[in-house]
Amino acid sequence: MIHAYRLALLFVVLASASCKKESSSESTGAAAASGPIKVAAAADLAFAFKEVGAAFTAKTGTEVTFTFGSTGQLAKQISEGAPYDVFAAANVSFVDEVVKADACDGSTKAMYARGRIVVWLKKSGGIAPVTALKDLEDARFVKIAIANPEHAPYGRAAKQALETAGIWDRVQSKIVYGENIQQTLQFAQTGNTEASIAALSLAMVTDDGSYFLIDEAMHKPIDQALVVCKRGVNATGARKFAEFVSAPEGRAIMKRFGFLLPGEAVVRN
């Protein structure tokens, strides 16, 4: 009887330990699934998305971490397996690329904004403000920065605008390429170029600058989209963040940074 009792007691102890182990594993899995949301975002979102992320965290308690860079380069990283939860591109074509590569879920693709470009000058640089794109032909502009059109949608739009204005061939020798739109603006901020064609969302919150808004008709629309990725660890949080960007609170923040939002009419200069 005593021997049988001891065997029964041993079974209860082992079963209890097994349950605790399983419970611990489930807790660890739950923690991973509800960890920080990792967002790969176009550089034009550097200020706007930080505010969106802070508002989302305040509302949900879930942290959001951002990696800002060239849309084309981020798309390449995601297609090759980078474990981001959300990809916010500066052009919808790059979202289509990562979906085609089976790195992101096409059913979550959503348009969230349309970007604008400006010519930005440093106020303290002593150069007369730009009133038309043709001004960039002037001798006062020795170097002009644009994002690399090969992988940056804002750089592509800048080149298109200069071509539409009929001055690309005459200013091409002045062009300095930035790896992304944020670096492009920094070239003019630091005095390495006299002007930069930058994102309105960055220019309007940058100190010591003046800018000329380029007419949208001079380039193809910079229609921006986001998508939830398949290799991230927080798919549930990713979907909630993506929804938040397009919710009233997210839209209000994006609008303050100069973005045209889905459903809004295009206002021509």
Exercise. Hey, what D do you get for region 69-167 in µm²/s if you plug the Kirkwood alpha-carbon radius into Stokes-Einstein at 10 °C and 1.306 mPa s?
Worked result: 101 µm²/s
For this session: Measure out, as a whole number of angstrom, how far apart the alpha-carbon centroids of region 188-216 and region 63-83 sit.
Result: 25 Å
For this session: Go ahead and run the numbers for FRET between residue 100 and residue 67, Cβ-Cβ distance against an R0 of 22 Å, rounding to 0.05.
Result: 0.55
Exercise. By per-residue mean of other Cβ atoms within 10 Å, what is the highest-first order of 246-252, 103-109, 45-51, 190-196?
Worked result: 45-51, 190-196, 103-109, 246-252
For this session: Grab the Cα-Cα distance for residue 243 and residue 58, subtract it from 0.36 nm times how many residues apart they are, and report the gain in nm with one decimal.
Result: 65.1 nm
Problem set entry | Cα-based shape type of region 115-218, given that a ≥ b ≥ c are square roots of the gyration tensor eigenvalues and the cut on a/c is 1.5 | rounded
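With N residues in the chain, what two-decimal value do you get for its Cα radius of gyration over 2.2 N^0.38 Å?
Computed over Cα atoms of the chain, the ratio equals 1.33.
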Exercise. Residue 160 to residue 132: extension gain in nm, 0.36 nm per residue of separation minus the Cα-Cα distance?
Worked result: 8.6 nm
For this session: Starting from the Cα-Cα distance between residue 220 and residue 93, subtract it from 0.36 nm times their residue separation and give me the gain in nm to one decimal.
Result: 44.5 nm
Problem set entry | Relative contact order [Cα under 8 Å, 6+ residues apart], region 115-218, whole percent | 47 percent
Exercise. Relative contact order for the chain using alpha-carbon pairs under 8 Å, separation at least 6, rounded to a whole percent?
Worked result: 28 percent
For this session: Give the residues of region 89-110 whose amide nitrogen is closer than 15 Å to a point set 7 Å from the Cα of residue 264 in the direction of its Cβ.
Result: none
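All of the numbers you see were taken from the coordinates with simple rules; none came from a lab. Treat the numbers as computed from the prediction; the structure is a model and nothing was measured. Every residue, glycine as well, gets a Cβ built from its backbone with ideal geometry; the counts of neighbours run over all protein chains shown.
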